[in-house]
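Down below is the structure, laid out as structure tokens.
The values are calculated or read from the model by the stated rules, or taken from the named source; none is laboratory data. Source: prediction; values computed, not measured. Cβ atoms come from the backbone with ideal geometry, glycine included; neighbour counts cover every protein chain shown.
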Amino acid sequence: MCGIAGFVSKDILGAEANLVGAKLLRGMMHRGPDGEGAFSGGHVWLGMRRLSIIDLQGGWQPLYNEDRSLVLVANGEIYNYVELRQSLLTRGHTFRTGSDCETIVHLYEEHGDKCVDHLRGMFAFALWDTVRGKLLLARDRMGEKPLYLYENDHTLFFSSELRPLIAAGVVPFAINPASVDLYLHYGYVPEPQTMVRDVTKLSAGCTLSIDTSQWRKEMNRYWSMADAPVLHGDPVEAVEAQLQEIGRLIIRSDVPVGVALSGGLDSSLVAALAARHSPQTLHTFTVGYEGSVESDEREAARQFAEYLGMPWHDVVLSTTEVVNGFPALVERSDDPIGDIAGYGYYSVMRAARDHGVPVMIQGQGGDELFWGYDWVREAAARSHLKAAARSERWRAYPHYLKSELPRTTSFRDVRRWFKRFCGVYPAFSKLRNDLVAPANELVFYNLNNEFTAAGRIARQIYAKDYFASLPSRHAYSLFQGEGHWQDIDTALTSLISSTYLVENGLAQGDRLSMASSVELRLPLVDYRLVETVIGLRKAKADHASPPKNILRKVAAGILPEWVMNRKKRGFSPPVDQWLTAIHGHYGGDLDGGILVQEGLLDKEILSHMAKEPPSRGPERNVWFSLVVLEMWCRSMKKLSYGGS
């Protein structure tokens with residue numbers, strides 16, 4: 001695990017290349033506190049900062065093949081490296097180190113760019129082929145490891161984080177206006193866009209090759225969730241088999257490993273799997289909150305840690321600490337992310353490092369993969385209805401009316417159905433809305449309360465010229481396209497994974513763990529597990545089943561009953577207290593701030609709203625996202641002027 005950076009040029013690099021490269025690496029020392037390595041030759045400069053996890057003494061990068069014609073810097077972990085290494089050894093390859101990432105150069109010798117097809121894990125890497133004069137950049141299938149790109153004057157720069165590109169003077173800081181609207185609606189900037197003009201991300205599951213002889217660039221998507229083959233069989237058996245396998249692979253480490261443990265299903269399942277397969281004692285870490293807070297689940301986590309025989313540590317957050325640490329959280333998130341829960345993740349990782357645990361396992365991904373969000377399940381149901389409306393128009397009304405029937409025969413549900421005129425008007429309203437909306441647009445994020453609140457707020461606060469410059473339904477473009485309608489359930493799983501999971505969950509997981517020099521591993525986003533779930537879903541749709549139905553059935557065979565019956569809470573902070581305090585301390589920064597100065601937000605309206613921001617509801621969360629963005633812009637602007 002480390003941070004990587006570098007650049008490739010159409011022209012032979014000059015003497016200043018090492019100076020630029022050194023500046024890039026200086027900006028990501030937190031990603032690799034154990035040392036650095038670099039390669040400079042001809043058209044390319046490659047560098048890395050190392051966090052030692054596998055082969056502590058010998059696994060230094062850059063890594064080379066037998067004749068040193070291939071040069072590699074890589075960020076991440078190749079979980080199946082033991083199996084790959086053995087296979088490569090039998091085919092005559094010679095290894096210089098015990099590093100998991102050395103398998104990549106030898107796979108490239110045999111398979112070229114398709115070496116990525118054989119990797120199971122999380123990674124972003126740069127591989128320089130000296131014979132062909134070609135650089136290969138690659139990113140893992142689910143997008144756990146980031147890779148930022150910037151091209152200027154026939155030189156392409158890459159970096160594990162955005163801030164080093166700004167700090168090194170490689171990229172001039174300028175806001176990408178189109179990204180502001182996306183950010184306001186989603187609370188993050190969906191890839192491949194970023195908030196900085198002309199900077200993009202290499203999308204998850206993609207490679208980018210650069211031929212320096214002709215300066216030809218070729219992007220290739222080597223993996224897509226939608227390509228998973230149909231899978232028949234017992235879903236519980238199939239999913240459990242994949243979980244057991246990744247549970248065995250993901251605990252490989254030459255340093256201590258810990259688990260981020262809440263009282264919820266996902267983290268409990270991950271902890272149990274890790275405990276079953278780990279040869280070492282695993283430590284657990286839980287975040288809690290000062291005072292009597294309903295979402296504090298330390299006691300539940302402690303009980304389960306004791307049940308597993310794992311040492312348990314807790315972190316107690318106060319509102320004062322969160323408010324004082326808010327600027328640092330925004331800075332260390334690298335991207336602007338409007339999610340107050342990030343401070344809990346950051347604190348847990350910091351505690352792990354303080355206890356000498358540089359590898360953490362966490363349960364992110366279960367909600368996205370197994371229909372854990374009610375609004376996404378509703379989006380699937382509504383999109384299937386809209387599919388009928390696309391072909392039948394108003395004749396589809398009986399389908400909509402049927403969808404309004406009581407979910408159960410309980411008195412409460414039946415009475416609610418009668419009060420809604422037996423579903424007559426709600427069915428009519430939904431059908432009318434679906435017919436008015438673009439026909440190629442899935443029902444997706446427009447069911448998310450914060451997304452719709454952002455649309456209302458945008459009309460009020462955007463500067464007139466900026467609002468006029470945006471295409472119609474600009475934020476909806478991510479879930480528009482005829483291809484989505486071929487397999488609605490797979491499309492929605494892919495969309496929630498490539499948006500919220502990648503840019504909120506995985507991005508925060510990577511940046512806020514690496515900010516404390518901790519490697520984060522996420523078994524529930526293992527690509528073979530994902531392919532298994534999607535393959536089963538193609539064989540039999542399951543969005544109408546209870547939330548996380550298959551995962552709960554798997555967990556029932558692994559976890560004790562008293563854990564299974566707990567109420568789902570997750571890392572959920574005391575939002576009201578935190579947001580109120582943050583608005584009081586930092587909300588005034590929006591009055592005449594950078595977003596106003598750039599002509600993006602209306603000065604007079606922002607001045608008024610900064611004094612009286614929304615006090616509750618999704619509008620308040622959107623306002624919080626604006627506060628985050630303003631603070632992020634100020635941090636980046638300072639960095640571009642040479643600030644730390």
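Assorted remarks:
- In the stretch 25-58, the residues that are among the hydroxyl-bearing types (Ser, Thr, Tyr) and within 12 Å of Ser517 (Cα to Cα): Ser52
- Among all residues of the stretch 378-388, there is none that is within 20 Å of the chain's Cα centre (by Cα), part of a helix (DSSP H, G or I) and touching a residue at least 12 places away in the same chain (Cβ under 8 Å).
- Considering the stretch 305-324, the residues that are in contact with an Asp or Glu (Cβ under 8 Å, 6 or more places away or on another chain) and closer than 30 Å to Pro560 by Cβ include one that is surrounded by the fewest Cβ atoms within 10 Å (Cβ to Cβ), namely Val316.
- Test for Lys548: is it over 29 Å from Ser607 (Cβ atoms) and modelled with pLDDT under 90: no
- Selection within the stretch 140-173 - among the acidic types (Asp, Glu), at pLDDT 95 or above and more than 19 Å from Gly205 (Cα to Cα): Glu151
- Answer from Ala381, Ala389 - the residue that is under 18 Å from Leu435 (Cα atoms), of a type in the set (A, V, I, L, M, F, W, C) and surrounded by 22 or more Cβ atoms within 10 Å (Cβ to Cβ): Ala389
- Among the candidates Ser391, Ser347, Ser333, the residue that is touching a Lys or Arg at 6+ places or on another chain (Cβ under 6 Å) and among the small types (Gly, Ala, Ser) is uniquely Ser333.
- For Gly365, the criteria (1) in contact with a helix residue (DSSP H, G or I) (Cβ under 7 Å, 6 or more places away or on another chain); (2) at pLDDT 90 or above; (3) on the phi < 0 side of the Ramachandran plot hold in every case but one, which is (3).
- Of the helices (runs of 4 or more DSSP H) lying entirely inside the stretch 588-644, the ones with 3 or more residues being closer than 21 Å to Ala178 by Cβ and within 27 Å of the chain's Cα centre (by Cα) are found at 617-640.
- Taking the stretch 194-226 as the range and being in contact with a Gly (Cβ under 6 Å, 6 or more places away or on another chain), modelled with pLDDT of 95 or more, over 25 Å from Ser179 (Cα atoms) and not aromatic (Phe, Trp, Tyr) as the test, only Thr212 passes.
- Hey, Pro164 surrounded by 22 or more Cβ atoms within 10 Å (Cβ to Cβ) and assigned to a loop (DSSP other than H, G, I, E, B) or not: no
- Scanning the stretch 1-22 for residues that are surrounded by fewer than 17 Cβ atoms within 10 Å (Cβ to Cβ), of a type outside the set (A, V, I, L, M, F, W, C) and part of a helix (DSSP H, G or I) gives a single hit, Asn18.
- Restricting attention to the stretch 325-364 and to residues that are in contact with a Ser or Thr (Cβ under 8 Å, 6 or more places away or on another chain) and of a type in the set (Phe, Trp, Tyr), the residue that is surrounded by the fewest Cβ atoms within 10 Å (Cβ to Cβ) turns out to be Tyr346.
- For the stretch 210-231, the set of residues classified as assigned to a loop (DSSP other than H, G, I, E, B) and touching a residue at least 60 places away in the same chain (Cβ under 8 Å) consists of Thr212, Ser213, Trp215, Tyr222, Trp223, Ser224, Ala228, Pro229, Val230, Leu231, listed by residue number.
- Flag if Glu83 is of a type in the set (Asp, Glu) and crowded, with 24+ Cβ neighbours inside 10 Å: no
- Where a residue in the stretch 96-114 is buried (at least 24 other Cβ atoms within 10 Å of the Cβ) and its partner, wherever it lies, is part of a helix (DSSP H, G or I) and of a type in the set (Phe, Trp, Tyr), with Cβ under 7 Å and at least six apart: Asp100/Tyr81; Thr103/Tyr81
- Close Cβ contacts (under 8 Å, 6 or more residues apart or on different chains) running from residues in the stretch 517-534 that are on the phi > 0 side of the Ramachandran plot to residues that are assigned to a loop (DSSP other than H, G, I, E, B) and of a type outside the set (Phe, Trp, Tyr) comprise Ser517/Gly32; Ser517/Leu51; Ser517/Pro358.
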